[in-house]
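For reference, the structure discussed in these notes is given below.
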Amino acid sequence: MKMKMSLRFILIIITLCVYNVEASQKGGRAPAIEILPPEGIVYEVKQYRESNVKRACQIGIAYSSNAKEALPIVIFIHGGGWSKGDKDIVAYQALRYAKRGYVGITLSYRLVQESPFPTCIYDVKEAIRYIKSICGDIPGDLNRIGLQGYSAGAHLALVAALSDEGDFHSGMYSEYDSKVQCVVAVSAPTDFIARKKIGNKCMTKEQREDDDFLKSVSPVYLIHEKQVPVFMMHGDADDVVKTFHYENFQRRCILVGNCNFILDVFPGGNHTYFFKNARTEHPKMDRFFDEHLLVKSD
């Protein structure tokens with residue numbers, strides 16, 4: 001019991017540290033963090049595409065050294081307004097999921113100052129295909145993959161999961177698809193049309209004025225009746241990603257008759273509530289992934 005409490009305390013401290021890093025970072029790729037996996041966990045870094053920007057297109061993979069069968073995979077996508085962050089700041093989640101019997105993966109993508117938007121969407125979908133291509137080398141089940149993203153990372157997770165296979169396709173690893181089985185989206189921007197009044201700083205002026213383009217990268221316009229299960233978590237006092245994002249998403253799901261959507265609104269929660277309330281919010285996410293990924297598909 002003491003060991004479990006100690007591990008839980010350590011994870012809470014790490015979570016709060018990650019929040020502080022994200023909140024204080026002004027822009028650009030976050031400094032590299034030395035990842036020290038706990039005993040019994042393997043952690044390795046792989047490059048899913050060549051990039052002139054160091055660490056821009058990498059994944060960090062964590063799994064049990066004693067894994068004897070193909071395990072479900074959860075891919076964690078960092079936030080940062082599409083302009084800052086790195087895979088290392090959510091590596092703690094990959095390690096936590098490895099301890100839970102998953103393959104936990106943390107993903108870096110090219111930031112908008114490294115390659116213009118929407119390159120980051122192409123990167124995420126390519127990374128998913130790459131991960132499927134190496135499932136013979138890691139104990140991962142390519143038919144049981146979930147995505148989790150926070151803020152900009154949640155936007156990328158939703159677009160990757162809801163967009164057509166041919167959209168945002170880099171042409172790499174084409175023998176595999178980028179389909180996943182479920183998504184957890186925390187504090188997710190979903191509607192760039194409604195956001196026009198605020199401004200979409202990650203985009204060019206031409207992109208911001210092109211409604212067709214804005215719809216193509218807005219998860220709310222990608223909703224369809226047969227989409228994968230989506231668990232959306234949001235604070236109702238979020239002043240960064242306003243409440244209309246989850247309200248419009250929920251309204252659209254009802255309109256198209258989609259039943260694979262769960263919304264969890266945290267009373268009084270701001271944009272970073274998920275980190276500050278990890279003790280209550282992590283278990284919600286965990287239960288969702290367990291429900292959709294632990295049972296092997298036929």
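Here is a check on your reading of the model: is LYS46 surrounded by fewer than 24 Cβ atoms within 10 Å (Cβ to Cβ) and within 21 Å of ILE121 (Cα to Cα)? Break it down into steps so the answer makes sense when it comes.
Working: surrounded by fewer than 24 Cβ atoms within 10 Å (Cβ to Cβ): yes; within 21 Å of ILE121 (Cα to Cα): yes.
So LYS46 fits the description; yes.
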Of the conditions (1) within 19 Å of the chain's Cα centre (by Cα); (2) of a type outside the set (Ser, Thr, Tyr); (3) assigned to a loop (DSSP other than H, G, I, E, B); (4) at pLDDT 95 or above, PRO116 fails just one. Which one is it? (1)
Would you mind telling me which numbered condition in (1) in contact with a Lys or Arg (Cβ under 9 Å, 6 or more places away or on another chain); (2) aromatic (Phe, Trp, Tyr); (3) closer than 23 Å to GLN181 by Cα PHE244 fails? (3)
Tally of residues being farther than 14 Å from LEU158 by Cα and more than 20 Å from the chain's Cα centre (by Cα) across the stretch 253-272: 8
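Residue-by-condition table, conditions (1) of a type in the set (Val, Ile, Thr); (2) in a helix (DSSP H, G or I); (3) at pLDDT below 90:
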site: ILE35; (1), (2), (3): yes, no, no
site: GLU50; (1), (2), (3): no, no, no
site: VAL53; (1), (2), (3): yes, no, yes
site: ASN66; (1), (2), (3): no, no, no
site: ASP88; (1), (2), (3): no, yes, no
Please go through the stretch 178-207 and give me each residue that is surrounded by fewer than 17 Cβ atoms within 10 Å (Cβ to Cβ) and basic (Lys, Arg), ordered by number. LYS179, LYS196, LYS197, LYS201, LYS205
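Does GLY235 count as surrounded by 15 or more Cβ atoms within 10 Å (Cβ to Cβ), small (Gly, Ala, Ser), over 19 Å from the mean Cα position of the chain (by Cα) and farther than 30 Å from HIS169 by Cβ?
Working: surrounded by 15 or more Cβ atoms within 10 Å (Cβ to Cβ): yes; small (Gly, Ala, Ser): yes; over 19 Å from the mean Cα position of the chain (by Cα): no; farther than 30 Å from HIS169 by Cβ: yes.
Answer is no for this residue.
Return the residues of the stretch 71-92 that are under 20 Å from ALA56 (Cβ atoms) and not hydrophobic (A, V, I, L, M, F, W, C); say none if nothing qualifies. Break it down into steps so the answer makes sense when it comes.
Going residue by residue through the stretch 71-92, those that are under 20 Å from ALA56 (Cβ atoms) are 75-91.
Within the stretch 71-92, HIS78, GLY79, GLY80, GLY81, SER83, LYS84, GLY85, ASP86, LYS87, ASP88 qualify.
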For the subset of the stretch 24-53 comprising residues that are of a type in the set (D, E, K, R) and without any contact (Cβ under 8 Å) to a residue 12 or more places away in the chain, which member is nearest to GLN113 (Cα to Cα)? GLU50
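Matching residues to (1) without any contact (Cβ under 8 Å) to a residue 24 or more places away in the chain; (2) surrounded by fewer than 23 Cβ atoms within 10 Å (Cβ to Cβ):
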| position | (1), (2) |
| --- | --- |
| TYR97 | no, no |
| GLY104 | no, no |
| LEU107 | no, no |
| VAL112 | no, yes |
| PRO116 | no, yes |
| CYS120 | no, no |
| GLY136 | yes, yes |
| ARG144 | no, no |
| SER163 | no, yes |
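Looking at TYR92, TYR130, which is the one that is in contact with a helix residue (DSSP H, G or I) (Cβ under 6 Å, 6 or more places away or on another chain), in a helix (DSSP H, G or I) and more than 21 Å from GLN250 (Cβ to Cβ)? Even if it seems obvious, please write down each step before you answer.
Details: TYR130 fails: in contact with a helix residue (DSSP H, G or I) (Cβ under 6 Å, 6 or more places away or on another chain).
The conditions single out TYR92.
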Considering every residue within the stretch 234-245, establish whether at least one is modelled with pLDDT of 95 or more and basic (Lys, Arg). yes
For the structure I just gave you, tell me whether PRO38 is in contact with a Gly (Cβ under 9 Å, 6 or more places away or on another chain) and not acidic (Asp, Glu). no
The number of residues in the stretch 215-235 that are assigned to a loop (DSSP other than H, G, I, E, B) and among the basic types (Lys, Arg) is 1
Condition (residue is within 23 Å of the chain's Cα centre (by Cα), part of a helix (DSSP H, G or I) and of a type outside the set (Phe, Trp, Tyr)) applied to the stretch 192-205: is it met by at least one residue? yes
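Only one of GLY146, GLY166 is among the small types (Gly, Ala, Ser), part of a loop (DSSP other than H, G, I, E, B) and within 20 Å of TYR48 (Cβ to Cβ). Can you tell me which?
Numbers: GLY146 fails: part of a loop (DSSP other than H, G, I, E, B).
None of the other options fit; the residue is GLY166.
The values are calculated or read from the model by the stated rules, or taken from the named source; none is laboratory data. The shown structure was predicted, so the numbers you read here are calculated from the model rather than taken from an experiment. Here the Cβ is made from the backbone with ideal geometry for all residues, glycine too, and neighbour counts use every protein chain on show.
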